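Engineer: Take a look at the following structure, please.
None of the figures in this text is laboratory data; all of them are computed from the coordinates on show. This one's a predicted model, so the numbers in the text were calculated from it and none came from an experiment. Don't worry about glycine lacking a Cβ; one is built from the backbone with ideal geometry, like all the others, and counts go over all protein chains shown.
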């Protein structure tokens, strides 16, 4: 367990040094970051139970002129009910990290905002979110994976409420 945490910390440190994950050395204005938002990447939960809740919340997105790409499990791709682009998570070996770049090379890299809707972020969804968002990366607070996100949201008791908060913070819901 301690070795795993050390390997994860070293991997995250290396990604920061190489400037592969979004990181702000000083505070930024969120409204300015969201001002010209055109593209959004949303990592969907792999668990069916949470997938359906997240899908219904995503249908509440009211922001127009935004291209949304969903990243989801292969078996859930047909259930997405999404009119935009979808990509699938790669199959990974037993080691959850470091994630080889070639495994996620099919996922575009230049999104304005990236969200991780996983109720319990994993290295794969956190890595995709952290390396795909160019203005903001948003995810639920976790113990080890927080450095991948520029905005952290405390999980609510109700998962749907957490997702709606994530979408709101990302500027995807009308006020």
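Engineer: Quick one: how many residues across region 53-79 are in a strand (DSSP E or B) and surrounded by 15 or more Cβ atoms within 10 Å (Cβ to Cβ)?
Structural biologist: Looking only at that region, the number is 5.
Engineer: How about region 80-175: which strands (runs of 3 or more DSSP E) wholly inside it have at least 2 residues that are in contact with a strand residue (DSSP E or B) (Cβ under 8 Å, 6 or more places away or on another chain) and buried (at least 22 other Cβ atoms within 10 Å of the Cβ)?
Structural biologist: Passing ranges, in order: 111-116, 133-140.
Engineer: For region 1-52, which positions are part of a loop (DSSP other than H, G, I, E, B), touching a helix residue (DSSP H, G or I) at 6+ places or on another chain (Cβ under 8 Å) and surrounded by fewer than 18 Cβ atoms within 10 Å (Cβ to Cβ)?
Structural biologist: 20, 23, 46
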